[in-house]
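Working notes for the structure below.
Every number here is computed from the coordinates shown, using simple stated rules; none is lab data. All of these numbers come straight from a predicted model, not from anything done at the bench. Neighbour counts run over all protein chains shown; Cβ positions are idealised from the backbone, glycine included.
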Amino acid sequence: MLSNIKTISLNGIDGNLVEVQTDISGGLPNFEIVGLPDASVKESKERIRVSIKNSGIDLPSRRILINLAPANTKKEGTSYDLPIAIGILDALGEILYKNLENTIFIGELSLDGKINRINGILPMCIEAMNLGIKRVIIPKANEREAAVIEGLQIIGVNTLKEVIDYLNKKNDIKETHIDIIKIFNKKNKNDIDFSEVRGQENVKRALEISAAGGHNCILIGSPGSGKTMIARRIPTILPDLTFEEALEVTKIHSISGMLDSSIGIVAQRPFRSPHHTISTTSMIGGGKIPKPGEISLAHNGVLFLDELPEFNRNTLEVLRGPLEDRNVTISRLHSKVIYPSNFMLIASMNPCPCGYYGSLEKQCQCSKIAIQKYLNKISGPLLDRIDIHIEVKPVKYQKLNSNNKEETSKQIKERVNNARRIQYIRYKNTNIFSNSELTPKMIEQYCILDNECKKILELAFNKLGLSARAYTRILKVSRTIADLDNKRNIEKSHLAEAIQYRNLDKKYGDKF
Ligand SMILES: Nc1ncnc2c1ncn2[C@@H]1O[C@H](COP(=O)(O)OP(=O)(O)OP(=O)(O)O)[C@@H](O)[C@H]1O
Ligand SMILES: [Mg+2]
Ligand SMILES: [Zn+2]
């Protein structure tokens with residue numbers, strides 16, 4: 001007898017329909033899976049055989065042939081266990097109710113018949129929805145993740161026996177529902193706040209601009225000046241996620257198996273801070289069964305690289321492409337996967353190996369060559385992609401000890417959200433959301449300067465020795481400053497402030 005059961009495979013962050021075709025016939029007892037299964041799928045045979053037996057059903061000694069169609073795409077992972085087991089049971093006549101065309105089965109089996117959680121349920125279920133599927137039968141541990149999607153009947157199951165009984169109408173399993181809007185709107189309380197940072201008004205201002213326009217930013221300062229402390233507070237002022245953005249982030253976290261199964265959706269912008277010993281693969285993604293890297297986990301949020309020059313130069317170099325394209329392509333032997341990686345890069349560094357180059361507190365001990373070598377660890381093209389450079393000077397003791405009330409993260413975030421709203425409206429009919437994403441053509445359209453501003457910019461270039469690469473950066477940042485100021489046009493003060501944020505171009509000039 002032949003059976004057709006549907007499941008979904010994963011490719012990058014997208015799902016694809018796979019049909020599990022099962023044929024059971026006489027002849028020598030055999031169990032074969034065809035249709036490009038990799039080793040992990042082939043291994044499922046034993047799990048399926050034993051878990052069917054442990055669900056109280058005897059597998060007859062016959063020839064079982066499974067074809068995973070389409071046969072020309074590679075199948076990997078353990079999520080085919082459940083659909084294959086159901087295919088076999090269906091072909092054996094153990095499933096009484098046949099209309100399974102509108103049902104998707106996904107899940108990994110253990111030997112005792114338990115159904116284990118798998119990674120990537122959300123993108124799989126989104127594809128099921130797109131295909132017009134009515135019902136998905138998935139691991140209980142994944143049910144809240146799938147329930148993010150409305151209009152799909154979600155049946156979370158614990159064991160193979162439970163699925164068989166459910167399909168044979170011997171038991172009833174309630175559909176899973178969650179109030180996704182309620183979860184989405186419930187904002188986490190942060191236990192850190194910008195008001196704890198004394199002084200540093202200029203640094204806070206730069207980060208407010210960064211958050212408002214999605215601009216990459218580097219903090220440069222001597223040891224102990226507060227770079228790490230300040231950067232860690234950035235999540236508290238990031239603009240709220242839109243629901244669409246949250247779904248994208250959740251998809252990636254679902255594939256990585258990092259989703260909190262009790263919540264179901266990532267409602268906060270991610271803030272990822274990998275250690276400088278991170279491998280290139282962990283940074284950009286990849287591996288035998290491909291996984292998103294840190295740059296994709298930071299999608300729609302922040303990638304914080306503390307002590308930038310300590311990172312492996314290669315690991316930093318591979319960031320260049322994704323910073324430009326806002327996604328990353330991972331090539332594999334016969335295929336490639338694309339993960340989104342639209343992140344805001346925040347980096348910190350000392351100005352030189354000893355940390356005191358250009359400082360007023362201490363004399364720098366480094367030779368010119370040593371500084372050069374240190375800076376060379378970060379290539380010009382990488383720095384080229386950073387819009388805002390900000391010098392962090394240590395605060396004076398009086399400031400540290402003062403009773404001045406500092407602004408709270410909530411107050412800053414309100415202004416950031418306002419500026420973002422202006423950008424959302426302005427870029428409504430384009431494919432971008434923030435000023436940092438402006439293409440050269442769009443810059444011509446949205447960052448128009450009057451004659452007076454043009455003169456200032458020209459002067460800055462000639463007098464301060466700014467590099468050509470600084471040009472578009474300055475215009476984009478000016479646009480964000482104007483948005484924070486609620487102004488339609490870029491004005492002199494906006495431009496002048498943006499020029500200030502090209503510290504490294506000025507300080508090190510052609511060293512980069
Ligand atoms: N502006 C400030 N307000 C309050 N505390 C501060 C401030 N600046 C620094 N500190 C205190 O100094 C500590 C050290 O700062 P932090 O570790 O952020 O410095 P850093 O610039 O990252 O140094 P390094 O280059 O050595 O990594 C902080 O944990 C904090 O306690
Ligand atoms: Mg630090
Ligand atoms: Zn030094």
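Of N403, S359, N417, which is farthest along the charge dipole of the chain in the positive direction, counting Lys and Arg as +1 and Asp and Glu as -1 at C-beta?
My answer, from the dipole projection, is S359.
Could you tell me the relative contact order of the chain? Use alpha-carbon pairs under 8 Å, at least six residues apart, and round to a whole percent.
That works out to 13 percent.
Output the antiparallel fraction of DSSP beta bridges having both residues in the chain, as a percent to the nearest 5.
The antiparallel fraction comes to roughly 45 percent.
Would you mind ranking S222, S61 so that the residue whose beta carbon has the fewest other beta carbons within 10 Å leads the list?
S61, S222
Please name whichever of S282, G26, G120 sits farthest to the positive end of the charge dipole of the chain, dipole taken about the Cα centre and charges placed at Cβ: Lys and Arg +1, Asp and Glu -1.
Positive-most Cα among the choices belongs to S282.
Compute, for region 182-274, the length of the dipole vector about the Cα centre, with Cβ point charges of +1 (Lys, Arg) and -1 (Asp, Glu) only. Units Debye, rounded to 20.
That gives region 182-274 a dipole magnitude of about 180 debye.
Cut-off is 10 Å between beta-carbons; in what order do L92, L305 appear when sorted fewest neighbours first?
Going from least to most buried by this count: L92, L305.
Neighbouring Cβ atoms within 10 Å as the yardstick, rank I490, I338 fewest first.
Fewest-to-most Cβ neighbours within 10 Å comes out as I338, I490.
What is the magnitude of the charge dipole of region 2-178 about its Cα centre, with +1 placed on the Cβ of each Lys and Arg, -1 on the Cβ of each Asp and Glu, and no other charges, expressed in debye to the nearest 20?
The calculation lands at about 300 debye.
When a/c reaches 1.5 or more, the comparison of a/b and b/c decides; with that in mind, is region 194-511 rounded, prolate or oblate per its Cα gyration tensor?
Note, shape of region 194-511 comes out rounded.
In deg cm²/dmol and to the nearest 500, what is the mean residue ellipticity at 222 nm of the chain if only DSSP H runs of at least 4 residues count, each as -39500 (n - 2.57), divided by the residue total?
The helix contribution divided over the chain gives -10000 deg cm²/dmol.
Picking from L167, C217, I13, whose Cα lies most toward the positive end of the charge dipole for the chain (charges on Cβ: Lys, Arg +1; Asp, Glu -1)?
Going by the charge dipole, the pick is C217.
Which of the peptides 146-157, 247-258, 95-106 is most tightly packed, and how do the rest follow, judged by the mean count of other Cβ atoms within 10 Å per residue?
Descending mean neighbour count gives 247-258, 146-157, 95-106.
Using the Cα centre as the reference, give the magnitude of the dipole from point charges on the C-beta atoms of the chain (Lys, Arg: +1; Asp, Glu: -1; all else neutral), rounded to the nearest 20 debye.
Using only the charged Cβ atoms, the result is roughly 1260 debye.
Rounded to the nearest 5, what % of DSSP beta bridges with both residues in region 2-178 are antiparallel?
Given both bridge residues lie in region 2-178, the antiparallel proportion sits at roughly 55 percent.
Going by the alpha-carbon gyration tensor, a ≥ b ≥ c the square roots of its eigenvalues, is region 212-300 rounded (a/c under 1.5) or, if a/c is not under 1.5, prolate (a/b greater than b/c) versus oblate?
Cα axes put region 212-300 in the oblate bin.
Taking a ≥ b ≥ c as the square roots of the Cα gyration tensor eigenvalues, with a/c under 1.5 meaning rounded and otherwise prolate when a/b beats b/c, else oblate, which class fits region 392-512?
Judged from the Cα gyration tensor, region 392-512 comes out oblate (a/c at least 1.5, b/c at or above a/b).
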